[in-house]
Every structure is written in C-alpha cells, then in structure tokens.
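Values quoted throughout were computed directly from the atomic coordinates according to the rules given, and no laboratory measurement underlies them. Being a predicted model, the structure only gives us computed values, none of them experimental. Counting neighbours? That spans all protein chains shown, and the Cβs are built from the backbone with ideal geometry, glycine included.
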Amino acid sequence: MQIITKTISVKTVSPVEIIDITAEIRNAVSSSGLRNGTVTVISRHTTAFININEKEEHLLEDMVTFLKRLVPRDGNYSHNISPIDGRDNAHSHLLGLFMNTSESIPFSGGDLLLGQWQSVFFIELDGPRPERTVLLQISGI
C-alpha cells in the first residue's frame with residue numbers, strides 16, 4: 001500500500017460558487033501510478049466544502065440560489081459583530097453545518113468509480129478568494 005498526497009489550488013470569483021474539480025482529481029489519481037484504492041478529497045477551509053452531485057447547469061444555479069436562501073448573508077449573526085478575520089461570514093460557517101469537508105472516492109484501474117451523473121465539486125461559501133486549497137490523499141496499490 002502506498003499513500004500519495006497532492007494539492008489542488010482553486011481560485012473563486014463569486015461569494016457562493018460551485019466549481020467542478022473532477023478532472024483535477026482524475027488527473028491526480030491517474031498520475032499517481034496507483035491502480036486501485038481510495039482518494040480522500042478534503043477542503044482545508046471552514047467556509048468551503050466538498051460535495052458529490054450532478055453537473056447540470058440549471059441544477060447548479062438552483063443549488064446556489066438554495067444556499068443563499070437557506071442562510072442569508074445579511075442575517076443577524078453574533079459572529080459578524082467582531083469577526084476574527086474581518087469578514088462578515090457567519091452565514092458561510094452556518095451553511096457548513098450541512099456540508100462535508102471531505103469525500104472518499106474509490107478508484108479502480110486508475111479511474112474514479114463515480115456514478116454516471118456524479119461530479120466532485122468545491123463549494124465556495126465565502127468568496128471571492130484568490131486561492132483555496134484542496135488536499136488529495138491517494139491510498140492504494
């Protein structure tokens with residue numbers, strides 16, 4: 001068994017954004033030389049998350065709209081009174097209560113074993129940000 005760690009950099013341009021990172025993960029697994037195993041994908045942030053869902057333009061728009069309605073940015077949140085980093089981002093942290101920081105995806109023959117309609121997304125909830133990082137830990141043989 002071998003373990004390889006790689007990083008993906010993501011630049012976000014919107015306050016709430018859903019970015020498909022499936023191709024980058026596939027490339028990392030393929031270039032690892034490992035044929036069978038699991039890749040764990042983890043966001044290294046408290047206001048950005050990882051999700052597996054369907055990549056369809058209108059659905060992605062609906063997801064962003066849903067997130068903005070679920071926890072509005074302009075809510076009366078205590079965290080926004082004196083935020084640690086100067087960002088009024090309580091809504092981002094609250095939305096994170098319903099999301100995953102990581103996903104584990106099996107692979108075989110060097111390819112991800114995702115379903116036909118599945119893609120892996122980086123979910124930005126506190127953008128824009130010039131650089132976000134996603135850690136990949138690829139374990140296998």
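Using a 10 Å Cβ count of at most 12 others and DSSP loop calls, identify the longest part of the chain lacking such chymotrypsin sites (Phe, Trp or Tyr not before Pro).
No qualifying site falls inside 1-97, the longest such stretch.
Just one of (1) 36; (2) 15; (3) 25 is percent of Cα pairs over 27 Å apart calculated from these coordinates, so which is it?
Given (1) 36; (2) 15; (3) 25, the structure-derived one carries the label (3).
Add -39500 (n - 2.57) for each DSSP H run of 4 or more in the chain, then divide by its residues: what number comes out at 222 nm, to the nearest 500 deg cm²/dmol?
-7000 deg cm²/dmol
Show me the GluC sites (Glu not before Pro) within the range 1-110 that DSSP assigns to loop and that have at most 16 other Cβ atoms within 10 Å of their Cβ.
GLU56
To the nearest 10 degrees, how steep is helix 22-32 against the longest Cα principal axis of the chain, on a 0 to 90 scale?
Once rounded, the angle reads 40 degrees.
On a 0 to 90° scale, report how tilted helix 57-70 is relative to the longest principal axis of the chain, with both axes built from alpha carbons and the result rounded to the nearest 10.
The angle comes out near 40 degrees.
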